[in-house]
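See structure below.
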Amino acid sequence: MRHTLAVLVENQPGVLSHVAGLFARRGYNIESLAVGETEDNTISRITLVVDGDEKVIEQVTKQLNKQVEVIKVNDITNEPSVDRHMLLIKVTADQVARQEILQLMDIFRCRIVDIGRRSLIIEATGDEGKIEAIIQSLKPFGIKELVRTGKVALVRGSK
């Protein structure tokens, strides 16, 4: 089962390496990873998606909590939450295809963030399914480059 972990850590050099290393040493693959400062610039939030059963996640959580730089670990997999991925994708877009791509991206509520003579760069946010659907819909036009973030998530409500 895929689990989403929200890990608050001290914002210091090497902390991400320690956290990722913990997973690597135990042979667990990190499927998605997103890191950034929180509202407090001395604290960063790491959002990880890992595959494993309850026992594996419990073990990893205990190991993370032993790390000096780790402030708090939450498994938010079963919590009501909002999650998003971000995508930047450059597609081939001559004058003929451009209008079709623009209409298609309007359906997905994407933004065109750059227009070149023979290409467009499109920005999209959404859940993993939406991002995959956008990529699939743009493949026939020719994807030149693609970059996407891992999952970011927040628990709903006052928690």
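The values are calculated or read from the model by the stated rules, or taken from the named source; none is laboratory data. Being a predicted model, the structure only gives us computed values, none of them experimental. All Cβ positions, even for glycine, are placed from backbone atoms using ideal geometry, and neighbour counts span all protein chains on display.
Give the residues of region 121-143 that are among the acidic types (Asp, Glu) and in a helix (DSSP H, G or I), sorted by residue number.
Of everything in region 121-143, those that are among the acidic types (Asp, Glu) and in a helix (DSSP H, G or I) turn out to be Glu128, Glu132.
Right, Leu104: part of a helix (DSSP H, G or I), surrounded by 11 or more Cβ atoms within 10 Å (Cβ to Cβ) and either within 21 Å of the chain's Cα centre (by Cα) or not aromatic (Phe, Trp, Tyr) (or both) or not?
Answer is yes for this residue.
Are any of the residues in region 88-96 of a type in the set (Lys, Arg), within 25 Å of Glu128 (Cβ to Cβ) and touching a Lys or Arg at 6+ places or on another chain (Cβ under 9 Å)?
yes
Tell me, which residue of region 22-77 that is closer than 10 Å to Val7 by Cα, of a type in the set (Ser, Thr, Tyr) and free of Cβ contacts under 8 Å to residues at least 60 places away in the same chain is surrounded by the fewest Cβ atoms within 10 Å (Cβ to Cβ)?
The residue in question is Thr61.
So is Ile112 assigned to a helix (DSSP H, G or I), at pLDDT 95 or above, assigned by TED's automatic domain parsing to the domain that holds Ser137 and of a type in the set (A, V, I, L, M, F, W, C) or not?
Judged against the criteria, Ile112 is not a match.
Report every pair of residues separated by at least 6 positions or lying on different chains whose Cβ atoms are under 8 Å apart, first residue within region 79-100 and part of a loop (DSSP other than H, G, I, E, B), second among the aliphatic types (A, V, I, L, M) and surrounded by 16 or more Cβ atoms within 10 Å (Cβ to Cβ).
Every condition considered, the pairs that remain are Ala93/Ile101; Ala93/Leu120.
Any residue that is within 19 Å of Val35 (Cα to Cα), among the acidic types (Asp, Glu) and not assigned by TED's automatic domain parsing to the domain that holds Leu8 - is there at least one of those in region 89-101?
No; the residues of region 89-101 include none that is within 19 Å of Val35 (Cα to Cα), among the acidic types (Asp, Glu) and not assigned by TED's automatic domain parsing to the domain that holds Leu8.
Give me the pairs, please: first residue somewhere in region 136-157 and at pLDDT below 95, second residue anywhere and among the charged types (D, E, K, R) and part of a loop (DSSP other than H, G, I, E, B), beta-carbon distance under 8 Å, and either six or more positions apart or on two chains.
So the pair list comes out as Val155/Glu79; Arg156/Glu79.
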